[in-house]
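Written below as C-alpha cells is the structure these notes are about.
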C-alpha cells in the first residue's frame, strides 16, 4: 500500500459542456488537495477531468494502446482484471472483445492497477444520474467496495461540489 489519495473521475462522452467546465474545476481543486486522478481517456467527462492535471498526478487506464489518440499505454490489461470485470458485468458473454477491454479498464479506474488500492470516491456524470453506459461498470464495482459516488447529474451531488470548490 502507498500513502497516495486517489479518486476516480469518469463519465459519459455526452457530458454537457457546462458540466465539463465544472469537472475541470473539481479536478484542479482535488489536485490542490493532493489527490491523484484515475480516469479512462474517453471524450467528455474523462478528458475534462484530466486536461489540467500534470502527468505525474493522474493515471489514465486505456483499453488498448492508441485509444482515443493516447499512446502512453502504461497499464496493460491483466487476467485478474478481466475476472473482476466479468464478475460485475451483467451481460459479459454478449460483449465483444473490444467492449470487454473497455469494461476491464474501468475496473482499474476504481481499484487501481494492483486491484488493491480502491479510490476514496468517484466523481462522474451519467445521463439522468442513472447507471448507464460504460461508466455503469465502474459504478457497480464502486458499490461493491462501498466507495462514495458523486454523480454531477444529481442536483445534490452537483451542489456539494459547487460549494466545495467555491470555498477554495
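The values are calculated or read from the model by the stated rules, or taken from the named source; none is laboratory data. Remember, predicted model here, so these are calculated numbers, not experimental data. Cβ atoms come from the backbone with ideal geometry, glycine included; neighbour counts cover every protein chain shown.
Taking the range 63-79 as the range and being closer than 23 Å to residue 143 by Cα and in contact with a helix residue (DSSP H, G or I) (Cβ under 9 Å, 6 or more places away or on another chain) as the test, the residues that pass are 63, 77, 78. With respect to (1) crowded, with 16+ Cβ neighbours inside 10 Å; (2) within 16 Å of the chain's Cα centre (by Cα), the lone exception for residue 29 is condition (2). For residue 26, state whether it is at negative phi and in contact with a helix residue (DSSP H, G or I) (Cβ under 7 Å, 6 or more places away or on another chain). Yes, satisfied. Applying the condition of being more than 16 Å from the chain's Cα centre (by Cα) and modelled with pLDDT of 95 or more to the range 2-24 and asking which residue is surrounded by the most Cβ atoms within 10 Å (Cβ to Cβ) yields 16. If you filter the range 135-150 down to residues that are touching a helix residue (DSSP H, G or I) at 6+ places or on another chain (Cβ under 8 Å) and crowded, with 21+ Cβ neighbours inside 10 Å, you find that the one that is nearest to residue 10 (Cα to Cα) is 135.
Scanning the range 40-49 for residues that are surrounded by 24 or more Cβ atoms within 10 Å (Cβ to Cβ) and touching a strand residue (DSSP E or B) at 6+ places or on another chain (Cβ under 7 Å) yields a count of 4.
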